[in-house]
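Below is a structure I'd like to ask you about.
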Amino acid sequence: MIQENEIGGKSNRALKVDDYFVSPYSSALVWFGICTFLVAVFLASQLGVQAKFFDNMPLEKQPGLWSAIGIIGMLIFGFFQIVQFWFHRNGLQAPGFVSEALIWLRAAEYVLWFMAYVYLVPVVGYLPTTIGFLMLMTWRLGYRHRLYFGFAALSGLLIVVIFKSFLQVKIPGGALYEYLPDMVRSFAILYL
């Protein structure tokens, strides 16, 4: 809603947010996007010189890793921005970049759920975390019937039995297991 007030003979308009962004493809925005992409290309050309990568060092310990991730992200997103500008300039309907990007971002939610799961296993324990995680995912995906929760709990139990007993995967016992009685604690650390 635009309100106009006369103050000192001048029109003083209160603008809506939409009034500030008349066109998402203004010439200034296009030039800014192109210049940002060119800066990203220059930074990518300097990755081996300015951001160091050493032989015989794991990737996650490389000093230039996060710089490289940031610059590669700038290149990818800058490229798609320029493609979108080109489609708009030529009067074409750009492919659903925004809707596609939102779908990919929605998938990132499950990465965060998994990271929480990985963090909780050494604290709570493999069995309770696995069962709890599967039941939470069952609820998150919209399955609300008791039968689905039963299947989720049974699946969690089978996963733990298969990985700990048959495959003998060494997964650290939960810190909460330290509070269990001695006989139960050793069993829980070995099998749960």
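Could you figure out which of (1) hydroxyl-bearing (Ser, Thr, Tyr); (2) within 20 Å of the chain's Cα centre (by Cα); (3) modelled with pLDDT under 90 isn't true of Tyr117?
Unmet condition: (3).
Please go through segment 28-76 and pick out each residue that is of a type in the set (S, T, N, Q), in a helix (DSSP H, G or I) and open to solvent by 70 Å² or more (accessible area, probe 1.4 Å).
Ser45, Gln50
Here is a list of conditions, (1) among the polar types (S, T, N, Q); (2) at pLDDT 90 or above; (3) touching a Phe, Trp or Tyr at 6+ places or on another chain (Cβ under 9 Å), and Gln93 meets all of them except one; can you say which number that is?
(2)
Return yes when Ile162 is β-branched (Val, Ile, Thr) and more than 31 Å from the chain's Cα centre (by Cα) and no when it is not.
So Ile162 fails the test.
Condition check ((1) surrounded by 15 or more Cβ atoms within 10 Å (Cβ to Cβ); (2) under 23 Å from Tyr110 (Cα atoms); (3) among the basic types (Lys, Arg)) across all residues:
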site	(1), (2), (3)
Leu127	yes, yes, no
Gly132	yes, yes, no
Leu141	no, yes, no
Arg144	no, yes, yes
Val161	no, no, no
Val169	no, no, no
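The values are calculated or read from the model by the stated rules, or taken from the named source; none is laboratory data. Small disclaimer: the values here were computed from a predicted structure and weren't measured. FYI the Cβ positions are ideal-geometry reconstructions off the backbone, even for glycines, and counts take in every protein chain you see. When the accessible area is computed, the model is the full protein with side chains, heavy atoms only, and any ligands, DNA or RNA have been set aside. Shrake-Rupley method; radii C 1.70, N 1.55, O 1.52, S 1.80 Å.
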